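Read the structure below first, then the notes.
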Amino acid sequence: MAELFKNIYNQKFFDIFTDNLGQLKSDFDKKSFLKCIYDNEWENRELKQRMRHISIVLKNHLFENFDKNSDAILRLIPQLEKNGIKEGSIEFMFLPDFIELYGLENYDKSIKAFEQITKFTSCEFAIRPFIIKYEVKMIKQMHLWSKNKHPMVRRLATEGCRPRLPWAMAIPSLKNNPVPIIPILERLKNDKSESVRRSVANNLNDISKDNPNTVIKLVKDWQGKTKETDWLIKHACRTLLKQGDLEVLKLFGFGSVEKININNFKILTPNVKIGTFLEFTFELENTSSLTSKIRLEYGLYYQKANGTLSKKVFKISEKEYSENSTTSIRRKQSFKIITTRKFHIGQHQLSIIINGKEFNKIDFELIE
């Protein structure tokens, strides 16, 4: 069985962390720190809950003054790097969480801390309460960060202001009106760092869920300018493409499906046991005298707890199909138990989607 991700916080990790902290704070009480970490609720906490718990315990074992604690964290990071801890270590995301939790009323000190900490571990979750509380100042700050020499600071400028960042609080004002952050995305769309460009794409994908026309306009403006922006806008439109937005599909060369047929669509496993796979097959026939560019997907209608069905779209491929051709396709869909989805037994449905158009659905049963 795979190790739970939350168990990155193990004895080895805390030995490394406390040893480094002890080198900076001579009276640091490692024994007390670990006793407080491993309280009665430790095993029940998930990853982000453990991060917050570590922040709270750390506060009780540092200084009473936030300025001193912030300075201590900034001294700790080069100490960790000196001792072999690489930047980008997700397990140290409790450091920006500490700033979020105890520095919200100390704007200037916290912003300076974020600018340094993000070079070591990501701060996109931690800065969001600051954007909500100090929106005008924070947007100006993120414009400045977008010009920073360090790629992780530039990435923070776009990742931190995503309107719908997963696993984080949303930013309602930017969901409603993303205009203030568009210049940041414009500036970073051709950034030399791939991680920054990917963050721009993710931000635009967030925006597309509430303001699709804003994203479509940018796609039209940026399309064909560079290889990097062409990749970026395609990734940014992944939700709109899955939704079958006809204007977006057309922008990426996916046209009419009038001469495309789906034949011999069959579910090979009409009764799918939880923990196994759904298997299905079909033939895609292109009756046109021209090659057709096809975005091929399938829609899986999961049964919810209340008996209704909820559709999720899965991509099969994007490719060109030769004129007057027939292609046989076979696929599997896992129903293995995962933490991010709860399965409900009963009737489900499956459909084939071509360039946003959904073809006939077939029922199947999920059983125990």
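Every number in this text was worked out from the coordinates using simple rules, so none of it is lab data. What you see is a predicted model; the values in this text were computed from it and never measured. Heads up, the Cβs are rebuilt from the backbone with ideal geometry, glycines too, and the neighbour counts pull from every protein chain shown.
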*asked:* Yes or no: segment 6-29 includes at least one residue that is farther than 16 Å from Ile90 by Cα, surrounded by 12 or more Cβ atoms within 10 Å (Cβ to Cβ) and under 29 Å from the mean Cα position of the chain (by Cα).
replied: no
*Among the residues of segment 39-50, count how many are surrounded by 11 or more Cβ atoms within 10 Å (Cβ to Cβ) and more than 17 Å from Phe5 (Cα to Cα).*
1
_The conditions are (1) out of contact with any Phe, Trp or Tyr (no Cβ under 6 Å at 6 or more places or on another chain); (2) farther than 24 Å from Ala305 by Cα, and Asn355 fails exactly one of them. Which is it?_
(1)
*Find the residue count for segment 46-83, including only residues that are part of a helix (DSSP H, G or I) and among the acidic types (Asp, Glu).*
3
*Quickly run through segment 84-140 and pick out the residues that are part of a loop (DSSP other than H, G, I, E, B) and free of Cβ contacts under 8 Å to residues at least 12 places away in the same chain.*
Gly84, Lys86, Glu105
*Scan of segment 52-81 for residues that are in contact (Cβ under 8 Å) with a residue 12 or more places away in the chain and more than 12 Å from Ile99 (Cα to Cα), ordered by number*: His53, Ile54, Val57, Asn60, His61, Leu62, Arg75, Leu76, Ile77, Gln79, Leu80, Glu81
*Scan segment 10-57 for residues that are farther than 22 Å from Arg75 by Cβ and either among the hydroxyl-bearing types (Ser, Thr, Tyr) or touching a Ser or Thr at 6+ places or on another chain (Cβ under 6 Å) (or both) and jot them down.*
Tyr38
*Sort out for me the helices (runs of 4 or more DSSP H) sitting completely within segment 158-220 that have 2 or more residues that are within 18 Å of the chain's Cα centre (by Cα).*
172-176, 194-208
*Looking only at segment 51-104, count how many residues are among the charged types (D, E, K, R) and farther than 24 Å from Ile131 by Cα.*
6
